[in-house]
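Student: Let me give you the structure first, and then I'll get to my questions.
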Amino acid sequence: MAIQLNHTIVWVKDQQESARFLTELFGLPEPVRYGPFSVVEVSNDVSLDYLSTDGPVRAQHYAFLVSEQEFDEIFGRIRERGLEYWADPFHSQPGEINTNDGGRGVYFDEPGGHNLEIITRPYGSGQSQ
């Protein structure tokens, strides 16, 4: 059997806000409730299971591989919402996208404070620029 990631728990202050943010921005189906979780399914049978906490949330990084068309759609929604975005994970290149490995990538924050990224080419798949 090939080992696959099935789901991960994403701790946030407001699970409904964060889950809806992701589904709306990415054009995914509405989150579904499963026990205490707000579950967001992505196309490779992996889910992000959002869970609210009153405690501190340590920011994590979640990267999503998307097609060129999906990148255009999602990036369009990022700009429509007036969200800040960066070409790098350290947020030192504001208002830019990157062209690493011959693709495109951009970083942005979600309401729970996590750093999200969309890329059109996996890292190491081409020439870095």
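A short reminder: the numbers here are calculations on the coordinates, not readings from a lab. Since the structure is predicted, the reported quantities are computational estimates derived from the model, not experimental observations. Counting neighbours? That spans all protein chains shown, and the Cβs are built from the backbone with ideal geometry, glycine included.
Student: Taking only DSSP H segments of four or more residues, each worth -39500 (n - 2.57), what value at 222 nm results for the chain once the sum is divided by all its residues, to the nearest 500 deg cm²/dmol?
Tutor: So the calculated ellipticity at 222 nm is -6000 deg cm²/dmol.
Student: Taking amide H positions as placed 1.01 Å from N in the peptide plane, with prolines and chain starts having none, which residues 5 or more places from H7, or on another chain, fall under 5 Å of its amide H?
Tutor: Result for H7 returns S47.
Student: Which order do peptides 15-24, 84-93 fall in by mean Cβ count within 10 Å, highest first?
Tutor: Most protected by this proxy first, the peptides run 15-24, 84-93.
Student: Among (1) 1.07; (2) 1.01; (3) 1.12, which one is Cα Rg over 2.2 N^0.38 Å computed from these coordinates?
Tutor: (1)
Student: May I pose another question? Where nothing but the Cβ of Lys and Arg (+1) and of Asp and Glu (-1) is charged, how large is the charge dipole of the chain around its Cα centre, in debye to the nearest 20?
Tutor: 160
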